[in-house]
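What follows is a single structure, written as structure tokens, with notes after it.
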Amino acid sequence: MEGFTKINLETAPSQPVGPKIINNKPKSGIRITLPKKTLIVLGAVAAILVGFGLILVSPVQKVYSDAKATFSQVKITVDALKKQNIVLASEELNKTKESLAQTQKSLDEISYLKLIPVINMYYADSQHLTKAGFYGLSAAKLFIDSIEPYADVLGLKGKKGSFVEGTASERIRTAVTTMGKITPYIDDIAAQMEGARKEIDAVDPNRYPAFFGGEKIKNGLFQVRQLVDQGVTFVSDARPLIKILPSLLGDPNDKKYLVLFQNDKELRPTGGFITAYAVFRIEKGVIHVDRSGDIYALDNGISNKPKAPAPILKYLPNVFVLNLRDSNLSPDFIASMDAFNSLYKRAAGYTDVDGIIALDTNVLVSTIKILDDEVYAGGVRFTSKVDPRCDCPQVIYELERLISTPKSVDLKVTTLAAVQAQRKDLIGTLLYAIMEKALKSSPKLYWGPLFQDMLTQVQQKHILFDIYNKDAQSGIEALNAAGRIRSFEGDYLHINQANFGGAKSNMFVTETVTQNYEVAGDKTITKKITINYKNPHAPSDCNLERGNLCINAILRDWIRIYVPLGSKLVDSKGSEVKMSTSDELGKTVFEGFLTVRPKGVATLSLSYTLPFKVKDGSLPLLIQKQPGTGGNEYTLQVNGSKIDNFKLLMDKETKIKL
């Protein structure tokens, strides 16, 4: 047979029993003649192995070949999904299912491996993984089938959808009123995902050895198990939200939401200084602005306000009571909205709503950019292009100019009340203009990009939700869209800051964060955090009498660093007050205060011990981003050596090898 040397098992001439050493000196090396019986045994074993190889290796190779083909087809399907082409993805899913069926058939052909000890465990694993694959493909197909009718609304490539005819309002109503037809899909998807999890859980990654590629298989199985668990949890948690989504969008009854605009250029704990508000009424998906205005107007309608909390009395000059605009002091958005509501319900302009939605300037800038980079509101043209007066988007500068500059410089109007009077409802007018331009367009022109951009803004915490329906809020929190401070097993970091200077200096200040881990001989972990601040821009002329716009001034930064509960502060430098330690939201908090001047720099550093020791050489880490921030650079180090570097655009979960 080609590829194998023929083994002659014929009986050799009779020789004495026992080894015989040839005394003739060979030309090279030592020549040993094995006894006839040994040769026969070895030859028989070789023949058996060859025969077993012919029986086993060829079918196993076929399984391997089919599995590789299936994996290649999976990558093609994923590529179609990345291209947002759901018709192509659906076709490729069908091909993947056919390829996986062929792999299953090849596995069935070697089912006799179930009878071989040890090998039978690995054969069973392959069967479980294949079945899990079928469940996963079914879940993916159900998902694609459920969203295919809405391809044009979501900006996906697919068949012509149902929402291209009629007025904008009619198209939106059609989309919302038909959503009820897709909610049964979520139950089927959940069932398929649960089936995949049961099959994956039947596979024990620890039985794969660290040699011959086993370690790679082991790590891959652990990763797959984690991803499937996360998928099941997500679908389970999101299911109530999806089922109630039509109701949240005003079908059949109207819903009202209080929309808060947070100016992230004046950073506050939940994303920015609360500048303006609007009451949105949603009727079968169509948005109406019932009222809008400046937050100061709401504040002026509240009497007998409570005394300001300690941080405001200590760091925010000349403010002695708690105002709505300063009520978002907790880094947990829901906790802050609870404080906001306790005051809002006492305001003369109170409106009963079904929830609160907060958004910041990033949403305005990205939305205007999608809308051909031009929106008119209140007779003013807004764009996302860089304005040289602030080296920032023009819409940001114009809003600050129109809101913060006194109306009549000639009359020397310099009082705070005059400044506040300019705010009125400009933000509400701009939001309405944005929605009007988007809804009057063809769905394929703006709707898809706007929807996908909204998902990005939610992921990056530029949009936050506090919905009063329990099921809906549970689903929103599963999407990490509620600005919650999360529980986590392992190391944790959340840096939360508040600009108590009044200017918009967060527009100019950049931050870099370095985390360094040191492990002692007893496995104790000491962590050092270093935050570097830099404001390279010149200060603004903040004299109101001259009518100038005060946007860059001293940053008065109240900073809190949330770490695992039980962490102990060892040392700190850079805070202008003594760093304090407290417990809040299930974390230990290190609190301080510093200032950053225009054309200046500042550094805050602190060292602390974690409340646990190294166990298996790795440490899970969750870094939660503060809403309203974006692009702060983070560096991870172990014993001073860099292991990772990234911009923190959303919450990041990773593992540190110690």
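Considering (1) in contact with an Asp or Glu (Cβ under 9 Å, 6 or more places away or on another chain); (2) aliphatic (A, V, I, L, M); (3) assigned to a loop (DSSP other than H, G, I, E, B), the lone condition that residue 553 does not fulfil carries the number (1). Against the test of being at pLDDT 75 or above, among the basic types (Lys, Arg), surrounded by 15 or more Cβ atoms within 10 Å (Cβ to Cβ) and in the same structural domain as residue 200 (by TED's automatic domain parsing), the options 114, 105, 97, 75 yield a single qualifying residue, 97.
In region 283-330, of all residues being assigned to a strand (DSSP E or B) and at pLDDT 95 or above, the one that is surrounded by the fewest Cβ atoms within 10 Å (Cβ to Cβ) corresponds to 307.
Report the residue count in region 602-630 for those that are modelled with pLDDT under 95 and either within 21 Å of residue 574 (Cα to Cα) or under 14 Å from the mean Cα position of the chain (by Cα) (or both). Matching residues across region 602-630 total 1. Being within 30 Å of residue 365 (Cβ to Cβ) and either touching a Pro at 6+ places or on another chain (Cβ under 8 Å) or surrounded by 17 or more Cβ atoms within 10 Å (Cβ to Cβ) (or both), is that true of even one residue in region 562-580? Yes: region 562-580 contains one or more residues that are within 30 Å of residue 365 (Cβ to Cβ) and either touching a Pro at 6+ places or on another chain (Cβ under 8 Å) or surrounded by 17 or more Cβ atoms within 10 Å (Cβ to Cβ) (or both). With respect to residue 577, determine if the residue is among the aliphatic types (A, V, I, L, M), in the same structural domain as residue 643 (by TED's automatic domain parsing) and over 18 Å from residue 629 (Cβ atoms). Yes; evaluated as a whole, the condition is true for this residue.
For region 331-357, a tally of residues being surrounded by fewer than 20 Cβ atoms within 10 Å (Cβ to Cβ) and hydroxyl-bearing (Ser, Thr, Tyr) returns 3.
Here is a list: 552, 543. Which entry is over 19 Å from residue 626 (Cβ atoms), touching a His at 6+ places or on another chain (Cβ under 9 Å) and polar (S, T, N, Q)? Step by step, each of 552, 543 is checked, and only 552 is over 19 Å from residue 626 (Cβ atoms), touching a His at 6+ places or on another chain (Cβ under 9 Å) and polar (S, T, N, Q). The condition of being buried (at least 21 other Cβ atoms within 10 Å of the Cβ), farther than 30 Å from residue 433 by Cα and small (Gly, Ala, Ser) holds for only one of 190, 196, that being 196. When 485, 495, 476 are checked against the criterion of being more than 21 Å from residue 633 (Cβ to Cβ), β-branched (Val, Ile, Thr) and not in a helix (DSSP H, G or I), 485 stands alone in meeting it.
The values are calculated or read from the model by the stated rules, or taken from the named source; none is laboratory data. What you are looking at is a predicted structure, and each value in this text was computed from that prediction instead of being measured. Note that we place each Cβ from the backbone using ideal geometry, even for glycine, and neighbour counts take in every protein chain shown.
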